[in-house]
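Below is one structure; the comments refer to it alone.
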Amino acid sequence: MDHYQNLVDGFHRISRDERLKRIQEFCHLSEEEIKTLTCETPLSVEIAEHLIENVIGYFPIPLGIATCFNIDGKDILIPMAVEETSIIAAASTTAKWIRKEGSIRTYCKGRLIIGQIQLPNVRNVPLTRKILHENRDILIAIANNCVPRLVDRGGGIRDIALREVARPTQDGVMMVIHILCDPCDAMGANLINQVCEALKPKIEELTSERVGLCILSNLVDTKLAVAEVAIHNIDLTMGKGIEEATLFAMADPYRAATHNKGVLNGIDAVLVATGNDWRAVEAGVHAYAARTGQYKPITQWKVEGTDLIGQIEVPLAVGTVGGVTRIHPTAKIALKILGVKKAEDLARVCAAVGLVQNLGALKALATVGIVKGHMLLHASNLAIAAGAEIHEIAEVRKRLAEVLRVEKHINLTHAKEILEEIRVSDRQTLLI
Ligand code: MEV
């Protein structure tokens with residue numbers, strides 16, 4: 001058995017200490033990093049105060065590891081920060097299946113982010129176009145002057161594009177200048193916002209038109225991450241069920257929203273763990289999903305012969321340097337566990353995790369249904385919600401599994417009844 005296989009073997013069954021030991025060894029984590037992961041060294045108040053305002057405390061969510069991912073031929077551990085039961089289990093089980101029967105390939109299309117400079121109501125559109133076109137190089141030079149360190153790293157402003165946008169009030173023409181920037185390994189929000197604001201006076205001076213908003217766009221269709229999954233020897237009934245689930249989502253935005261939520265379950269958890277702006281990615285993914293005028297699924301699955309083929313293509317402006325990724329100690333460790341340095345590599349991992357997460361959900365939905373697996377994993381949460389003490393959880397969980405097998409569903413009432421039964425029986429034993 002190879003090193004990675006040894007690490008992930010039975011990972012969900014061993015104790016947390018044992019998991020940490022294996023991760024520490026595999027990812028070369030220091031004792032200090034382990035203390036950060038376990039919160040023995042808590043996030044300092046200085047960092048918290050630096051990140052946000054009016055700090056009163058922390059809101060911890062669990063950090064777990066999804067296992068068995070082999071992306072582009074490389075074995076990888078996926079740190080996921082998420083509160084929802086079954087996401088990490090489903091990602092790991094599905095990745096294990098793909099690892100055995102298929103493969104995951106990823107790539108990126110484009111590396112530019114978009115900053116928008118709005119000219120709300122342009123008096124002379126052809127003249128403004130001409131002026132901006134003639135001064136393109138000057139504007140790019142001004143823009144690059146404000147981000148000298150980015151230019152030194154090989155990034156910077158690459159192009160300027162002009163768009164005309166109809167005003168919804170039909171009282172003139174809005175123009176939008178798109179500033180296209182290669183942010184290297186940063187997400188680039190601050191960089192591009194600075195650039196747009198720095199260009200404002202020059203654009204007003206050149207065009208004599210008023211500039212409105214200067215801000216990045218989260219619809220980064222100029223920076224897409226693609227992942228593809230191929231699984232061989234598929235059970236055709238299951239494969240057709242998964243294909244049919246794609247058709248449902250293509251046809252119906254109500255289903256597409258839930259389908260995409262399942263994808264984002266995976267992507268968001270990696271983004272949170274690595275300190276990335278998941279709201280920005282969510283906004284971009286949803287806007288991209290609606291780019292044809294109808295909200296559509298961001299993944300597709302089809303059966304080809306005896307293979308199941310899936311694909312995802314999403315805008316993913318993420319960073320591995322700068323912002324929270326640089327400051328938050330846990331985010332730094334998550335990047336170390338992933339073993340990615342470049343933003344492009346992180347985007348590819350996110351796309352792969354999203355696609356695998358989606359497959360896990362669709363496989364369950366197309367076969368046994370989501371309730372069975374989800375509910376069983378949810379049993380511990382029900383036990384805790386019912387008031388079980390740590391030592392009682394395992395027994396409540398076991399009995400809930402039995403109820404689920406017979407009644408096909410479990411809820412808080414079941415958990416409370418079981419807990420009461422256990423306690424009554426314990427009291428009786430003590431009296432004997
Ligand atoms: C639940 O968090 C996600 C699912 O609803 C996704 C889906 O329906 O595809 C199971």
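Readers should treat all values here as calculations from the given coordinates under stated rules, not as data from a laboratory. Being a predicted model, the structure only gives us computed values, none of them experimental. For neighbour counting, all protein chains shown are included, and Cβ atoms are generated from backbone atoms with ideal geometry for every residue, glycine included.
Rg and Dmax of segment 171-255, Cα atoms, in Å?
21.9, 65
Taking a quarter of the surface of the convex hull around the Cα atoms of segment 372-431, what do you get in nm²?
If you wrap the Cα atoms of segment 372-431 in a convex hull and average its projections, you get 3.8 nm².
Going by the alpha-carbon gyration tensor, a ≥ b ≥ c the square roots of its eigenvalues, is segment 113-217 rounded (a/c under 1.5) or, if a/c is not under 1.5, prolate (a/b greater than b/c) versus oblate?
prolate
Between Glu282, Glu84, Glu304, find the one with the highest GNM mean-square fluctuation for the chain; connect C-alpha pairs within less than 10 Å.
Glu304
At a Cα cut-off below 14 Å, give the aspartates and glutamates reachable from Lys398, other chains included and same-chain residues fewer than 8 away excluded.
Glu417, Glu421
Measuring from label point to label point, each 7 Å out along Cα→Cβ, what is the Leu51 to Tyr107 span in nm?
3.6
Can you tell me the order of 132-141, 251-260, 162-171 when each peptide is scored by its average per-residue count of other Cβ atoms within 10 angstrom, highest first?
Going from most to least packed, we get 251-260, 132-141, 162-171.
Once phi is turned into ³J(HN,Hα) by the Karplus curve 6.51 cos²θ - 1.76 cosθ + 1.60 with θ = phi - 60°, what whole-Hz value does each residue of segment 189-197 show in order, with x for glycine and proline?
Result, rounded to whole Hz: 4, 5, 4, 6, 5, 4, 4, 4, 5.
Sticking to Cα atoms, compute the Rg of segment 1-118 to one decimal and its Dmax as the biggest Cα-Cα distance, whole number, in Å.
18.2, 58
Pull up the DSSP beta bridges for the chain and report the antiparallel fraction as a percent, rounded to 5.
If I count the DSSP bridges inside the chain, around 95 percent turn out antiparallel.
Which residue, Pro329, Pro126, Pro183, tops the fluctuation ranking in a GNM of the chain built on C-alpha contacts under 10 Å?
Pro126
Just the number, please: Stokes-Einstein D of the chain in µm²/s, Kirkwood Rh from C-alpha pairs, 37 °C, 0.692 mPa s.
Details: Rh = 24.3 Å.
Once the numbers are plugged in, D ends up at 135 µm²/s.
Given the options Lys240, Lys74, Lys109, state which has the largest fluctuation in a GNM of the chain using a 10 Å cut-off (strictly under) for Cα springs.
Among Lys240, Lys74, Lys109, the largest mean-square fluctuation in the Gaussian network model of the chain belongs to Lys74.
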